[in-house]
1. With the structure loaded, tell me whether A:P114 is open to solvent by 10 Å² or more (accessible area, probe 1.4 Å), more than 14 Å from every other protein chain (Cβ to nearest Cβ) and at pLDDT 95 or above or whether it fails that test.
2. Taking segment A:28-50, which residues are open to solvent by 40 Å² or more (accessible area, probe 1.4 Å) and under 16 Å from A:V4 (Cα atoms)?
3. Name every residue in segment B:29-85 that is among the basic types (K, R) and within 9 Å of chain A (Cβ to nearest Cβ), in order of residue number.
4. Please verify whether segment A:69-81 includes one or more residues that are assigned to a strand (DSSP E or B) and within 9 Å of chain B (Cβ to nearest Cβ).
5. Can you find a residue in segment B:14-28 that is within 14 Å of chain A (Cβ to nearest Cβ), in a loop (DSSP other than H, G, I, E, B) and either buried (at least 19 other Cβ atoms within 10 Å of the Cβ) or without any contact (Cβ under 8 Å) to a residue 60 or more places away in the chain (or both)?
6. Of (1) within 12 Å of another protein chain (Cβ to nearest Cβ); (2) not in a strand (DSSP E or B), A:G16 satisfies all except one. Which?
7. When only residues in segment B:8-42 that are under 26 Å from B:E52 (Cβ atoms) and polar (S, T, N, Q) count, which is nearest to the chain's Cα centre (by Cα)?
Amino acid sequence: QKEVEQNSGPLSVPEGAIASLNCTYSDRVSQSFFWYRQYSGKSPELIMSIYSNGDKEDGRFTAQLNKASQYVSLLIRDSQPSDSATYLCAVNLLGGTSYGKLTFGQGTILTVHP
Amino acid sequence: EAGVTQFPSHSVIEKGQTVTLRCDPISGHDNLYWYRRVMGKEIKFLLHFVKESKQDESGMPNNRFLAERTGGTYSTLKVQPAELEDSGVYFCASSRLASQETQYFGPGTRLLVL
């Protein structure tokens, strides 16, 4: 079993719709969760970070964390064609010598069509 | 503020040759990370520096890879001798702190070993 798994894509949504991206992780001690967006040939850039159970909203983006279910999701409201990219879920362990290490999922390709 | 920079952007070498990748983190960021994405796979952690010290090198594939961060500023990652399976995109990231801190990624070095 992979440590971080994302729903397989590609995901295609029409402009203005809600895009839902999901991620599960296997390590119960994971404490920090990140969503990165990566355009083709570019570096990953942070979209959202979340550390506590519940929802966290930032503009059109909402991250949801459920530690009991080991599940984190990203909702993108009013999707725009410029949101078309690969979305990467990343998990950070706390403790020991691995406290800085990010473990990534394989990424979900999102396409928003006009 | 300048972001994380990496050099070169692309490198094509033959099997058995040596390649050195360089990363300049954001000024003031003590934490520097190296990651690698092999085609078709997820981004994987290689190692983590805190200033000039190796905090975690659990992701280094083998002893053909040598990372240094003399003086706690820029870092180099040398592959010697390079093998075909070393091809991929090598990302560098930096953060001010480690836990619960955003890691800012560089544009990556695309390495192709022929």
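1. Numbers: open to solvent by 10 Å² or more (accessible area, probe 1.4 Å): yes; more than 14 Å from every other protein chain (Cβ to nearest Cβ): yes; at pLDDT 95 or above: no.
In short, no.
2. Restricting attention to segment A:28-50, the residues satisfying the condition of being open to solvent by 40 Å² or more (accessible area, probe 1.4 Å) are A:28-29, A:31, A:39-42, A:45-46.
Hits for segment A:28-50 are A:R28, A:V29, A:Q31.
3. Filtering segment B:29-85 down to residues among the basic types (K, R) leaves B:36-37, B:41, B:44, B:51, B:54, B:64, B:69, B:78.
Matches in segment B:29-85: B:R37, B:K41, B:K44.
4. Within segment A:69-81, the first condition is being assigned to a strand (DSSP E or B), and the residues that meet it are A:71-76.
If we keep only those that are within 9 Å of chain B (Cβ to nearest Cβ) too, we end up with none.
Looking for residues that are assigned to a strand (DSSP E or B) and within 9 Å of chain B (Cβ to nearest Cβ), one finds none in segment A:69-81, hence no.
5. Here is the first cut: in segment B:14-28, the ones within 14 Å of chain A (Cβ to nearest Cβ) are B:23-26.
Then keep just the ones that are in a loop (DSSP other than H, G, I, E, B); that gives B:25-26.
Next, from what is left, pick out any that are either buried (at least 19 other Cβ atoms within 10 Å of the Cβ) or without any contact (Cβ under 8 Å) to a residue 60 or more places away in the chain (or both): B:25.
Scanning segment B:14-28, I find at least one residue that is within 14 Å of chain A (Cβ to nearest Cβ), in a loop (DSSP other than H, G, I, E, B) and either buried (at least 19 other Cβ atoms within 10 Å of the Cβ) or without any contact (Cβ under 8 Å) to a residue 60 or more places away in the chain (or both), so the answer is yes.
6. (1)
7. Checked segment B:8-42; the qualifying residue nearest to the chain's Cα centre (by Cα) is B:T20.
Table: residues versus (1) over 18 Å from A:A90 (Cβ atoms); (2) among the polar types (S, T, N, Q).
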site	(1), (2)
B:L46	no, no
B:V50	yes, no
B:R64	yes, no
B:T70	yes, yes
B:E83	yes, no
B:G88	no, no
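The values are calculated or read from the model by the stated rules, or taken from the named source; none is laboratory data. Everything numeric in this text was worked out from a predicted model, so none of it was measured. In this analysis, Cβ positions are derived from the backbone assuming ideal geometry, glycine residues included, and neighbour counts consider all displayed protein chains. To get the accessible areas, we keep the full protein, side chains included, count just its heavy atoms, and leave off ligands, DNA and RNA. Shrake-Rupley method; radii C 1.70, N 1.55, O 1.52, S 1.80 Å.
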